[in-house]
1. State which residue pairs qualify: first residue of a type in the set (S, T, N, Q) and assigned to a loop (DSSP other than H, G, I, E, B) and inside the range 90-110, second residue surrounded by 13 or more Cβ atoms within 10 Å (Cβ to Cβ) and at pLDDT below 85 in any location, beta carbons under 8 Å apart, and separation of 6 or more residues or different chains.
2. Can you name the residue in the range 118-137 that is under 20 Å from Glu34 (Cβ atoms) and loosely packed, with under 13 Cβ neighbours inside 10 Å and is also modelled with the lowest pLDDT among such residues?
3. What is the one condition in (1) at pLDDT below 90; (2) touching a strand residue (DSSP E or B) at 6+ places or on another chain (Cβ under 6 Å); (3) not in a loop (DSSP other than H, G, I, E, B) that Tyr79 does not satisfy?
4. Mind checking which residues of the range 129-148 are under 30 Å from Ile178 (Cα atoms) and touching a Phe, Trp or Tyr at 6+ places or on another chain (Cβ under 9 Å)?
5. Is it the case, given these coordinates, that Arg41 is modelled with pLDDT under 90 and more than 23 Å from Val199 (Cβ to Cβ)?
6. Under 8 Å between Cβ atoms, which residue pairs at least 6 apart in sequence (or on different chains) link something in the range 47-71 that is part of a loop (DSSP other than H, G, I, E, B) with a partner that is surrounded by fewer than 20 Cβ atoms within 10 Å (Cβ to Cβ) and β-branched (Val, Ile, Thr)?
7. Just to be sure I understand, how many residues within the range 116-146 are in contact (Cβ under 8 Å) with a residue 40 or more places away in the chain and of a type in the set (Asp, Glu)?
8. Given the structure, is Asp195 touching a residue at least 40 places away in the same chain (Cβ under 8 Å), more than 19 Å from Val40 (Cα to Cα) and among the charged types (D, E, K, R)?
Amino acid sequence: MSNTRTLTRMKHLVAAAASIALLLTPPMARAIEEPAFTVVRALDGFEIREYAPYLVAEALVPGPSEEAGNQGFRILASYIFGKNQGERRITMTAPVTQTPAPAKIAMTAPVAQSATDAGYIVQFAMPAEYTLDTLPLPLDPQIKLREVSGGQFAVIRYSGTWSARNYQEHLAKLERGIADAGLKTTGAPIYSRYDAPFVPWFMRRNEIWLKLNSGSSE
């Protein structure tokens with residue numbers, strides 16, 4: 001029995017290694033599924049996209065921001081590599097997204113929400129072939145499955161490192177463009193990364209999404 005368990009464990013490790021190797025392959029050499037969208041408008045330095053609803057597996061992890069992505073990735077990668085009911089493998093998709101977790105800020109204003117030090121929500125988009133009924137249930141209680149409603153987002157795309165400085169520079173550029181276009185947004189920025197650390201910084205695809213208020217882009 002011990003040898004059987006060891007062999008099974010080794011098979012799972014080999015499968016996980018193969019999936020990680022696929023993720024680390026430069027983006028031009030692979031085709032990874034991502035949530036479906038259409039470009040509604042192309043503006044100066046950013047674009048407006050309409051996303052269809054899609055499913056995610058997500059985990060709430062503590063900060064700081066620079067470490068949250070790696071923490072969440074490890075948790076969610078274990079789920080898609082087989083740490084789920086039925087030990088089923090799920091195809092890797094892109095991007096890996098990260099956003100501050102909303103938290104109620106005071107009992108005197110129970111409907112208000114603010115991004116606080118409650119942590120960060122890291123998400124993997126699930127392949128379009130699944131529904132909430134067909135996705136295998138995670139064994140890790142930190143992982144939640146849910147549907148993201150989709151909608152219109154202002155999106156800026158850029159390359160380079162994952163440093164806080166690079167992120168803040170492009171977030172500021174996106175926010176200026178949104179203001180100049182007379183658009184209104186809701187919620188916290190969503191930081192989207194499409195490549196692994198192995199990919200050279202100048203080849204990486206990074207994005208920041210800000211959800212638009214309904215009717216804002218019309």
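1. Taking only residues 6 or more apart or on different chains, the pairs are Thr93/Ile32.
2. Among those that are under 20 Å from Glu34 (Cβ atoms) and loosely packed, with under 13 Cβ neighbours inside 10 Å, it is Glu129.
3. All conditions are met except number (1).
4. Glu147, Val148
5. Answer is no for this residue.
6. Pairs that qualify, where the first residue is part of a loop (DSSP other than H, G, I, E, B) and the partner is surrounded by fewer than 20 Cβ atoms within 10 Å (Cβ to Cβ) and β-branched (Val, Ile, Thr), are Pro53/Val148.
7. If we filter the range 116-146 for residues that are in contact (Cβ under 8 Å) with a residue 40 or more places away in the chain, which is where we start, we get 117-128, 130-132, 135-140, 142-146.
Restricting the remaining residues to those that are of a type in the set (Asp, Glu) gives 117, 140.
Total satisfying the criteria: 2.
8. Values: touching a residue at least 40 places away in the same chain (Cβ under 8 Å): yes; more than 19 Å from Val40 (Cα to Cα): yes; among the charged types (D, E, K, R): yes.
So Asp195 fits the description; yes.
The values are calculated or read from the model by the stated rules, or taken from the named source; none is laboratory data. On a predicted model such as this, the values are computed, not experimentally measured, just so you know. Because the Cβ atoms are built from the backbone with ideal geometry, glycine has one as well, and the counts that use them run over all protein chains shown.
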